[in-house]
1. Among the residues of segment B:263-275, are any under 23 Å from the mean Cα position of the chain (by Cα), surrounded by fewer than 15 Cβ atoms within 10 Å (Cβ to Cβ) and more than 7 Å from chain A (Cβ to nearest Cβ)?
2. Do you know which residues across segment A:228-258 are aromatic (F, W, Y) and farther than 24 Å from A:V141 by Cβ?
3. Name the residue that is farthest from B:M143 (Cα to Cα), counting only residues in segment B:259-282 that are part of a loop (DSSP other than H, G, I, E, B) and at pLDDT below 90.
4. State yes or no: is B:K256 outside the structural domain of B:L116 (by TED's automatic domain parsing) and among the basic types (K, R)?
5. Given the structure, is B:G258 within 30 Å of B:A212 (Cβ to Cβ) and surrounded by 23 or more Cβ atoms within 10 Å (Cβ to Cβ)?
6. For segment A:55-96, which positions are assigned to a strand (DSSP E or B) and not β-branched (V, I, T)?
7. Could you check how many residues of segment A:292-350 are among the polar types (S, T, N, Q) and within 15 Å of B:D333 (Cβ to Cβ)?
2 protein chains.
Amino acid sequence: MKTTALIMAGGRGERFWPRSRKNMPKQFLSLTDDERTMIRLTVDRILHLVDMEDIYIATNKDYKDLVKEQLPGIPDENILCEPIGRNTAPCIGLGLMHISRKYDDAVMMVLPSDSLIKDGERYRELIREACDIAEAGDNLVTMGIRPNYPETGYGYIKYIEGEKRGSAYRVDKFVEKPSLDKAREYLASGDYLWNAGMFVWKVSTVIKEYKAFLPDMLKGLNVIKDAIGTGDEDKVLGEVFPTLESISIDYGIMEKAGSIYTIPGDFGWDDVGSWLAVERIKSVNEDNNVVSGNAITIDTKDCIIEAQDKLIAAVGLKDIVVVDTADATLICDKGATADIKKVLEVLRAGDNTRYL
Amino acid sequence: MKTTALIMAGGRGERFWPRSRKNMPKQFLSLTDDERTMIRLTVDRILHLVDMEDIYIATNKDYKDLVKEQLPGIPDENILCEPIGRNTAPCIGLGLMHISRKYDDAVMMVLPSDSLIKDGERYRELIREACDIAEAGDNLVTMGIRPNYPETGYGYIKYIEGEKRGSAYRVDKFVEKPSLDKAREYLASGDYLWNAGMFVWKVSTVIKEYKAFLPDMLKGLNVIKDAIGTGDEDKVLGEVFPTLESISIDYGIMEKAGSIYTIPGDFGWDDVGSWLAVERIKSVNEDNNVVSGNAITIDTKDCIIEAQDKLIAAVGLKDIVVVDTADATLICDKGATADIKKVLEVLRAGDNTRYL
């Protein structure tokens, strides 16, 4: 059976402001020591498993040119532009329609475009196993990540220790982003994994799930499917897609579906979720700083300094993130990176869109 | 008797890097809410007491054009360019020669170009009194500043409580920059003032002091004096000035001289000695930040942010100084401003002179 992939690349990456901008979000930036961009790394990572013409990119029209530029091998018709952001269930559904139109059935992997995988070899090994499990029956397979701290920003997957199939465990349930107390409980219990938003399933399997749990959405998606490749494609997509319910695949399907397996993904996953991730993925110097660009540090420790051509002089700093760009400089305490979005709120409120 | 002034404007203002630069040091910048530069404020402050043609500026040739530009009323021949920095005794001596050549005798005030006076009216009142005391006899008069914390970066003046003359006290002794313990002692004793480098005396009086305590220097200064106004002036200055002993007026004369008076200067003096001074002299907002330019602050307190056109976004910061300029940005903990000079050392060591 053919293996296909849908890469989700419509995010805005606001937590990486000011480098990530509305017109150049995180997935199109190089954030690691590798000069390739996040989305390019995502594609390159699966090329042994999927043919280029079977890779679909879900994004929006603002980023279509960036996708074409950074992924020249992807066929134009595989770049799927959502007319409006409607959460993951409609987005995955759109990819599903394109793939089901092309193949009677196929294995489909759904991947974020902006996470980092340190061990690509192990990743491919486990993704291949996930494909096998998906192909063998009507199984939804998800790659879980073993938590090492009580993160409250991810959903969790509870698996059943006793029901193992190769590297995979049968899933007991999907749970939404927990409180800190709950997250600590999950971490302590040992049978919860982080939901990293990586799924593998057969097209035929997941269509059955849409039919069972999101029947109205599937009807809309089928209308869109019928217009694909016709002169009406854009018009129908623009009319129907915004009417689809804005719901996540986790909430819409995964929390309800029956046969779900999860594979603990021990391949060095990182969602590069904020500037703090930089010190996990880039080289740290003897003062425990991550420094790039034209910077001088004096008595400065545990800082992240992303300078460019302009000289950044850091004196006596500790636990500070400095990110310089051509028109804006962020200086943020490490404990306050979640508040970067408040800067964007102030900018929006002031109609100061040039910095967004 | 004529009143004259020598304004010392040869400093580099390194503690105000990156705004203060080798080719545009602190005294030529506006650092207060007033748009006038520090040296302009210094001149304007004494114009009721001294005629423009009797104001001399001691600087060096790098800053001659800046002086002419910022102080267009000062005669060209009153801009005295030291060929090399030789501390304050030779510098004041050079001014002394120019004034003594013009007037048989005169009252001379010596003033820094980069300190701030909040109450100009009170300042003029006390300076006028200092002039009277200087004119009345062979008295050296210095404006002292009542200490309000044990600063170790200034010299101190011990006065004799019982020997008062108007607002002035007779000086017991000048003491050099103390240790912290000593500074605490001075502060507690109540009869020590900070030496703010502001002096008033008759030309004839101070020449006697040079003769007594710096006789070789006076000889050299007289050679320079004889060449003033001749075609050889620059040549002689360039040859003789560098041979003069590099010694401060405090150490060379004030610590040794006899009849010294000091007036406690209660006119809101500030030496604007580092970026920390900015919060004493500029408006502080409700978060106790001093913010100027294009800046957004989120959960940021007790910070100094000097932005320009480029957006500076400060998130979760406390006690941090941020100074942005066209080619360099300083980010410095308030407790580490003394280490700004280490940045300049690194730049010099790397031959990176464009940022100095």
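The values are calculated or read from the model by the stated rules, or taken from the named source; none is laboratory data. Keep in mind that this is a model prediction, so the values were computed, not measured. Positions of Cβ are backbone-derived with ideal geometry, glycine not excepted, and every protein chain shown enters the neighbour counts.
1. For segment B:263-275, residues under 23 Å from the mean Cα position of the chain (by Cα), surrounded by fewer than 15 Cβ atoms within 10 Å (Cβ to Cβ) and more than 7 Å from chain A (Cβ to nearest Cβ): present.
2. A:F241
3. The extreme case among them is B:K282.
4. Answer is no for this residue.
5. Considered against the rule, which asks whether it is within 30 Å of B:A212 (Cβ to Cβ) and surrounded by 23 or more Cβ atoms within 10 Å (Cβ to Cβ), B:G258 comes out as no.
6. A:Y56, A:A58, A:N60, A:L80, A:C81, A:E82 - these are the residues of segment A:55-96 that are assigned to a strand (DSSP E or B) and not β-branched (V, I, T).
7. So the count comes out to 2.
To keep it simple, each residue is scored yes or no on (1) acidic (D, E); (2) under 12 Å from B:L94 (Cα atoms); (3) free of Cβ contacts under 8 Å to residues at least 40 places away in the same chain.
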residue	(1), (2), (3)
B:M217	no, yes, no
B:G229	no, no, no
B:V236	no, no, yes
B:D250	yes, no, no
B:E255	yes, no, no
B:I263	no, no, no
